[in-house]
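Participant: Here's a structure for you.
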Amino acid sequence: MATVIAVRGTAEERIAPELGAVSLTVSASGAERDATLARTTESRDALIAAVQGLDDSGALDTWSAGQLQISSHRPWNNEGKQLPVVHQVNADVEVVFTDLAKLGEWVSAVSVNGRVSVGGIDWRLTDATRKRTQEAAQQGAVADAVAKAAVYAAALGLGTPTPVELADTGLLTAQPVPPSGGGERMFAMRASADMSGGGGGPSEFTPALLVITASVEARFTADAV
């Protein structure tokens with residue numbers, strides 16, 4: 001009677017990012033609504049003009065700018081007294097760089113502006129590269145499962161295992177499917193960058209490698225030699 005061998009195979013691929021998505025927010029606050037709106041609009045228009053210059057130079061993949069958002073509130077002081085109304089105006093901008101060398105230089109320069117804050121950098125791959133790297137990780141996970149099954153079969157004195165079932169992790173067992181909805185996941189590691197505008201150089205924006213992992217579950221049968 002054939003012996004059933006169940007294994008889980010895993011693999012990962014490490015790859016340098018191709019894109020850097022920078023999230024920025026232009027904001028201002030003040031007692032006068034119209035004046036606050038005008039200051040924010042001026043800063044937003046200046047930032048968009050700079051972004052358009054980057055786009056024209058070929059340094060960007062895409063960019064987008066959100067609408068101005070206005071809110072008002074009455075803060076409280078430390079004595080429990082409510083102060084006059086303060087108006088807050090914000091606008092979000094995302095800039096996706098293909099020229100990662102220029103990214104650090106530009107972010108360091110723009111973060112000096114007191115009305116512009118840098119929310120973070122999301123390191124990414126192009127769709128084609130991500131698909132190719134995911135496939136490589138999946139193939140590696142299958143190879144790992146085959147190798148494990150062979151080790152177990154040899155330890156039991158059995159012949160070469162024959163695959164009978166293969167699935168993404170969780171589909172052959174009661175364990176939940178990974179959050180990605182399949183057998184692969186990508187971890188986007190962020191750079192350790194100083195966003196304070198305190199004179200940091202482009203070297204602070206050097207990205208870490210992205211790690212794409214894959215896992216599969218498989219069942220094999222093997223007969224006695």
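Participant: Hey, how many Å between the Cα centroid of the stretch 1-37 and the Cα centroid of the stretch 83-118?
Facilitator: 18 Å
Participant: OK, next. How large is the charge dipole for the chain, taken about the Cα centre, if only the Cβ atoms of Lys, Arg (+1) and Asp, Glu (-1) carry charge, to the nearest 20 debye?
Facilitator: 480 debye
Participant: In whole percent, and with a 1.4 Å probe on the protein chains, what portion of the accessible area of the chain is carbon and sulfur?
Facilitator: Exposed carbon and sulfur together represent 52 percent of the surface.
Participant: In degrees between 0 and 90, to the nearest 10, how far off the longest principal axis of the chain does helix 100-110 point, with axes built from Cα atoms?
Facilitator: 30 degrees
Participant: Still on this structure, please answer the following. Identify, among Gly30, Ala65, Trp76, the residue whose Cα sits farthest towards the positive end of the charge dipole of the chain, taking +1 on the Cβ of Lys and Arg and -1 on the Cβ of Asp and Glu, with the dipole about the Cα centre.
Facilitator: Trp76
Participant: What does the charge dipole of the stretch 25-98 about its Cα centre add up to, to the nearest 20 debye, if the Cβ of each Lys and Arg holds +1 and the Cβ of each Asp and Glu holds -1?
Facilitator: 460 debye
Participant: Okay, moving on. Give, to the nearest whole percent, the P(r) tail of the chain beyond 30 angstrom, counting all Cα pairs.
Facilitator: It works out to 50 percent of all Cα pairs.
Participant: Additional query: Take the Cα atoms of the stretch 18-111, find their three principal axes, and give me the spread along each one in whole Å, biggest first.
Facilitator: If we take the Cα atoms of the stretch 18-111, the spans are 52, 25, 18 Å.
Participant: Tell me, what is the percent relative contact order of the chain, built from C-alpha pairs under 8 Å that lie six or more residues apart?
Facilitator: That works out to 34 percent.
Participant: Rolling a 1.4 Å sphere over the protein heavy atoms, what is the accessible area per residue of the chain, to the nearest Å²?
Facilitator: Accessible area per residue: 55 Å².
The values are calculated or read from the model by the stated rules, or taken from the named source; none is laboratory data. Keep in mind it's a predicted model, so treat the numbers as computed, not measured. Using ideal geometry, Cβ is built from the backbone for each residue, glycine included, and neighbour counts are taken over all protein chains shown. Calculation scope for accessible area: heavy atoms of the full protein, side chains included, ligands and nucleic acids excluded. Shrake-Rupley method; radii C 1.70, N 1.55, O 1.52, S 1.80 Å.
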